[in-house]
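Everything below concerns the one structure shown next.
The values are calculated or read from the model by the stated rules, or taken from the named source; none is laboratory data. Quick caveat: nothing in here was measured; it's all calculated off a predicted structure. Here the Cβ is made from the backbone with ideal geometry for all residues, glycine too, and neighbour counts use every protein chain on show. The protein model used for the area step is the full one, side chains on, heavy atoms only, and it has no ligands, DNA or RNA in it. Shrake-Rupley method; radii C 1.70, N 1.55, O 1.52, S 1.80 Å.
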Number of protein chains: 4
Amino acid sequence: MSYHFEPTELYRMPTHFGPATGPRRGPDGRRFACKDTPKTTAVTVSFLSRAEQLSALLPPGFSLGVEPVVTVTASYMKEIEWLAGRGYNMLGVTIPAVFQSKSGPIVGSFLLVLWENLTEPIITGREELGFSKVFADLPEPVTHHDELHCAANWDGFRFLELSVGQLQPLSAAQIAAKVSAVQSSGTLHYKYLPRTGAPGRADVQHAVLTPLAVPNRVVTSMARGQGTLQFHRARWEDMPTQYMIVNTLHALDVLEYRGATVAHTVGGKDLSDQQILLTPDGPG
Amino acid sequence: MSYHFEPTELYRMPTHFGPATGPRRGPDGRRFACKDTPKTTAVTVSFLSRAEQLSALLPPGFSLGVEPVVTVTASYMKEIEWLAGRGYNMLGVTIPAVFQSKSGPIVGSFLLVLWENLTEPIITGREELGFSKVFADLPEPVTHHDELHCAANWDGFRFLELSVGQLQPLSAAQIAAKVSAVQSSGTLHYKYLPRTGAPGRADVQHAVLTPLAVPNRVVTSMARGQGTLQFHRARWEDMPTQYMIVNTLHALDVLEYRGATVAHTVGGKDLSDQQILLTPDGPG
Amino acid sequence: MSYHFEPTELYRMPTHFGPATGPRRGPDGRRFACKDTPKTTAVTVSFLSRAEQLSALLPPGFSLGVEPVVTVTASYMKEIEWLAGRGYNMLGVTIPAVFQSKSGPIVGSFLLVLWENLTEPIITGREELGFSKVFADLPEPVTHHDELHCAANWDGFRFLELSVGQLQPLSAAQIAAKVSAVQSSGTLHYKYLPRTGAPGRADVQHAVLTPLAVPNRVVTSMARGQGTLQFHRARWEDMPTQYMIVNTLHALDVLEYRGATVAHTVGGKDLSDQQILLTPDGPG
Amino acid sequence: MSYHFEPTELYRMPTHFGPATGPRRGPDGRRFACKDTPKTTAVTVSFLSRAEQLSALLPPGFSLGVEPVVTVTASYMKEIEWLAGRGYNMLGVTIPAVFQSKSGPIVGSFLLVLWENLTEPIITGREELGFSKVFADLPEPVTHHDELHCAANWDGFRFLELSVGQLQPLSAAQIAAKVSAVQSSGTLHYKYLPRTGAPGRADVQHAVLTPLAVPNRVVTSMARGQGTLQFHRARWEDMPTQYMIVNTLHALDVLEYRGATVAHTVGGKDLSDQQILLTPDGPG
């Protein structure tokens, strides 16, 4: 009478209508190659902050990486295959971190938070991957007088403004050198899903890694310049579920800006290589 | 160095900024009484369908209730406390079901899917409660020539139209009789959260119950009338993650409409009474 | 071959598809009674400012009324007949003024600006009536802890916040007294439409009056309380066509608040009684 | 006391806050060169229809051009200077027409209607230029499997779908040949602004021309392919001010598709060369 679950298929609530389609499963179970698409513009601004401020944001098992540098990345994606060609935008904040895994230290960028302007990838990213995704309005960047301006709002409250200018294009050799210089295993996350009816208890709680390699991604151009950013202090009334996120980021000291980049890339991956990290004591 | 989790506090990704605020936890850990708010307008249309079509939508452990009646409820909420007075809208589809629990059969309304037009309650509802919530644009209902029209869209594709008319107000006694006639333990759900990196495996998979009682809810008025609805067939390109939901509902035979209601209510609950249902063999 | 214009029908660009439908003309040329609809919630906050600041905002032929009081009104309308039951919201700023017409002084409220969150009534209001309407995002008001909060944004820039509290309901007699105490001929406007290709020249430039009477409007409830408001300074980059409006209102001295009201009304009019005011020298 | 109008400055309602900023006037009265910006993607689909259907859409003084071909153009603009770097989108429908002016026939493309997804250029375009602009939601085009899909909605009702595929890039020489082959004086319009309080009477009613030349526009790439489109029939309830526009376009016979193009251009003009056309008997 009732349906049953196919043992190797991907499901997501509601499970009642069959296996789920999404980034890692298309209609009829096909996968998405992420070759030639999506087309992404990524804007980054970095700044040096205080080690003790950043360490306090790391979950158990993690320690701060070499230098207390915060990187804010605003990404604008088009032609996403699993959305039948639609796009969406992202705003992520990362800091360098090391995770002490069962098999030794894993060095990477720890994703503190990732805002997205579409609910679908927020759900799939949280549940299937362990990304700390939440919602924001992320309008297209505005280019004016050779400066690029990005903003993020929640229900009309502008919580971030970011500007980049004095951009100088990098040569193909410079881009290649920059890409290959990255010393990282990938992006680190902390997946947490609460147990129903039991505040303080989790059903899922472990570290996760997005491996660095994205073989199908091609950087078609990159420029380097100067950038600044400002997180605006919010009241609970302004952002009832996110004010503490924004205020913590607002409170980070900006000791020195560390440059900005604007990159255009083509291609990506479906993130099916996302992996749970084991601690010396068991699942992370 | 790194932060630690408070043992009795509620967390949600990102966990790095302290305990989470949301429906069941306000700033400073206070709770929301949900008395006098929210203010809700709820519109329902029911129809008789085929038992075999509905049974096929029930997960393991569930069987169809007495009569194969589908109820579609569009709710428009204002003055929600945990959103600092904002509102949002919902569109739910339920069928009668019985869950065979460890302690005997539990009769209720099974929630097949619940669309909401705000990401925040979608995240909290899925992860903390096990509601099968997904996103849709749910514009305010339109009242015209004594008919009330509700619609639901996803990225410009209108997948549901629902109309209610010939409304006759119920007396206070009739409302009380109708409320007390409900024979149900509450709303039944099936919580499912996939394991990262392991398609086909779940970290969380069990039945859940929202108990019926909402002591703080007062029905301020209710009318009964006739209603019709239409789910529109979607292509994968129209709704890449929801086409199968909409098409399954579109395919349900409408043997007979079973009336419509429009109710105005005040008050609610924070759903902290949500509970996991145990099967005879262990967690549901 | 080409079409011709019906001599008594209402047209609006594009004129090529026949007479226009809108607030003053429905399908088949029928009119809208505006009885029982729309349903409106109107929130006002008033403050005493400086006469010289307000006089400087009046066009030729107008002088300031008795007291330099600015009234900001946020209106939230539902069930608008000409929009087939949809609603939209408005935010208006008025000051008392007197127009020296051919037939003597006309006392009224001068509408400095009216923001609306829907393009259709902005077009019809500007072209057919001479209302100074421009666009803004006007989210539903938020009620929280017995206070009502209204906001207005343009492309994510919040240019107005307005709050009302300590509300005391008025009795039916008090409402009637308040309504009948209004000493005004109605709302005064200044219609201006530029001539194509001739900067500085106008094709239409005259005063306009919306007569006070709205026979079909019923005030169903009204409360009086305290209110405050804040216009936020904008850069040209924030609001490229409206920064001077917002900054002028921001610069008005608030010498004293003069109370706030929240009213619920039913019914309206189609504004077909809008009339051009003649100056002693000809059209206003 | 009251303000006065500067004799050579551009004004727009509300006139009370000084000269207006917009496409043809920036802060401090400066003009916009429209060089290097905006960046535009323009998608066109053309089809052969019936001469008698198209002639019936032409206002007095106009006759149909050589061939009854309808061209629908969806344009997506970024980095618009007068909007401080923001963008907006347009959807226009043109047919070939000839206007009998005082100085002889003027051959051009007659703009039947232009939808835009931003109120500001709709107001300036209607009032300052005489463009038949109205509002629609115009989402970014979706590229999927080498096809490009454009859509237009009004309040959730999808009234147009347009697809282009089999695109073959044109060489620089082919682009230059195509651009120089255009035999037209520009875009023809019919400006109409009603008189307040006098249904059937207009204060402004004349033909207008946008001259063809756009010296600062550079076509950076162009491709030619096949395209189809579909206007969907609307009820008054679906689009209360536009249903007759959409239904008239829906009713046009599509005898044969005449190809499609996708072009990327840089640069534009501020349209300050817009000119009133005189009829043999006086203003158009």
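Numbers for the structure displayed
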| item | result |
| --- | --- |
| Some residue of the range C:13-26 being of a type in the set (D, E, K, R), out of contact with any helix residue (DSSP H, G or I) (no Cβ under 6 Å at 6 or more places or on another chain), in a strand (DSSP E or B) and within 9 Å of another protein chain (Cβ to nearest Cβ) | yes |
| Residues of the range A:137-167 classified as part of a strand (DSSP E or B) and under 15 Å from residue A:263 (Cα atoms), total | 10 |
| Lone unmet requirement of (1) closer than 30 Å to residue A:270 by Cα; (2) open to solvent by less than 10 Å² (accessible area, probe 1.4 Å) for residue A:240 | (1) |
| Sole exception among (1) modelled with pLDDT of 95 or more; (2) part of a loop (DSSP other than H, G, I, E, B); (3) in contact with a Leu (Cβ under 7 Å, 6 or more places away or on another chain) for residue D:2, by number | (1) |
| Of all residues making up the range B:182-228, the number that are within 14 Å of chain A (Cβ to nearest Cβ), hydrophobic (A, V, I, L, M, F, W, C), in contact with a strand residue (DSSP E or B) (Cβ under 7 Å, 6 or more places away or on another chain) and open to solvent by less than 30 Å² (accessible area, probe 1.4 Å) | 6 |
| From the options B:132, B:171, residue that is away from chain C (no Cβ under 14 Å), farther than 20 Å from residue B:90 by Cβ and not acidic (Asp, Glu) | B:171 |
| In the range A:27-49, the residues that are basic (Lys, Arg) and either within 13 Å of chain B (Cβ to nearest Cβ) or surrounded by 15 or more Cβ atoms within 10 Å (Cβ to Cβ) (or both) | A:30, A:31, A:39 |
| Criterion violated by residue A:110 - all others in (1) more than 11 Å from every other protein chain (Cβ to nearest Cβ); (2) touching a strand residue (DSSP E or B) at 6+ places or on another chain (Cβ under 7 Å) satisfied | (1) |
| Pick from the range B:156-168, criterion open to solvent by less than 80 Å² (accessible area, probe 1.4 Å) and over 21 Å from the mean Cα position of the chain (by Cα), ranking: nearest to the other protein chains (Cβ to nearest Cβ) | B:156 |
| Evaluation of residue D:59 against (1) more than 14 Å from chain A (Cβ to nearest Cβ); (2) buried (at least 20 other Cβ atoms within 10 Å of the Cβ); (3) within 30 Å of residue D:140 (Cα to Cα) (one fails), failing number | (3) |
| Unmet requirement for residue B:249, which otherwise passes all of (1) touching a helix residue (DSSP H, G or I) at 6+ places or on another chain (Cβ under 7 Å); (2) open to solvent by less than 40 Å² (accessible area, probe 1.4 Å) | (1) |
| In the range C:252-284, residue surrounded by the most Cβ atoms within 10 Å (Cβ to Cβ) [restricted to those that are of a type in the set (Val, Ile, Thr) and closer than 22 Å to residue D:13 by Cβ] | C:276 |
| Sole exception among (1) modelled with pLDDT of 95 or more; (2) more than 30 Å from residue A:188 (Cα to Cα); (3) in contact with a Leu (Cβ under 9 Å, 6 or more places away or on another chain); (4) more than 14 Å from chain C (Cβ to nearest Cβ) for residue B:151, by number | (4) |
| Filter result for the condition that a residue is closer than 30 Å to residue A:163 by Cβ, open to solvent by less than 10 Å² (accessible area, probe 1.4 Å) and in contact with a strand residue (DSSP E or B) (Cβ under 9 Å, 6 or more places away or on another chain), over D:116, D:79 | D:116 |
| Members of the range D:27-60 found to be of a type in the set (S, T, N, Q) and in contact with a helix residue (DSSP H, G or I) (Cβ under 9 Å, 6 or more places away or on another chain), listed by number | D:37, D:53 |
| Hits in the range A:90-100 (condition: farther than 17 Å from residue A:270 by Cβ and open to solvent by 10 Å² or more (accessible area, probe 1.4 Å)) | A:94, A:96, A:98, A:100 |
